[in-house]
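For reference, the structure discussed in these notes is given below.
Values in this text are rule-based calculations from the coordinates and carry no lab data. As the structure is a computational prediction, the values presented were derived from the model and not from experiment. All Cβ positions, even for glycine, are placed from backbone atoms using ideal geometry, and neighbour counts span all protein chains on display.
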């Protein structure tokens with residue numbers, strides 16, 4: 001997830017609001033996951049609780065305890081996802097500068113050490129997936145690329161040392 005912070009000042013209080021930036025694809029995925037948890041997982045756990053309750057004494061019923069614990073964890077997960085959804089802001093790609101690397105930029109770059117050319121799309125943290133060449137803007141490489149323009153050289157600190165990339169192309 002990519003977070004933005006907004007401070008609201010009132011005469012007596014200061015509130016911090018965290019905005020969670022998502023792509024439309026990420027927002028749709030989050031909504032679908034919440035729907036699945038509510039329509040499929042929640043009823044399944046309720047059924048497990050009912051079946052365990054029917055087996056008799058609840059004080060010594062390990063199945064009942066396990067099902068109740070699973071229910072609590074599921075409700076916590078749903079609650080956290082709904083909180084994320086309530087604070088989500090969809091990133092409008094049409095409003096992003098196409099001349100520099102920002103979130104949702106597709107960046108083609110050349111490794112200065114070995115000459116290898118790679119291409120990644122910078123996405124919010126929760127949408128990162130290296131298999132499809134999507135890296136988080138919160139990752140070391142993502143942070144190192146932000147704000148760069150075509151022709152710029154980015155020196156990025158990674159766990160193995162410093163890697164230098166030349167920005168070849170920026171797209172959406």
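Compared with the dominant Cα axis of the chain, that is its longest principal axis, helix 62-86 is turned about 40°.
Computed from Cα positions, the angle between helix 42-53 and the longest principal axis of the chain comes to roughly 30 degrees.
Among 116, 81, the order by Cβ neighbours within 10 angstrom, fewest to most, reads 116, 81. Equivalent ellipsoid of segment 93-171: semi-axes from √(5λ) of the C-alpha gyration tensor, largest first, are 18, 15, 11 Å. Equivalent-ellipsoid semi-axes for segment 15-172 (Cα gyration tensor, √(5λ), whole Å, largest first): 45, 18, 13. Of 134, 77, 106, the residue with the greatest mean-square motion in the GNM of the chain, using alpha carbon springs below 10 Å, is 77.
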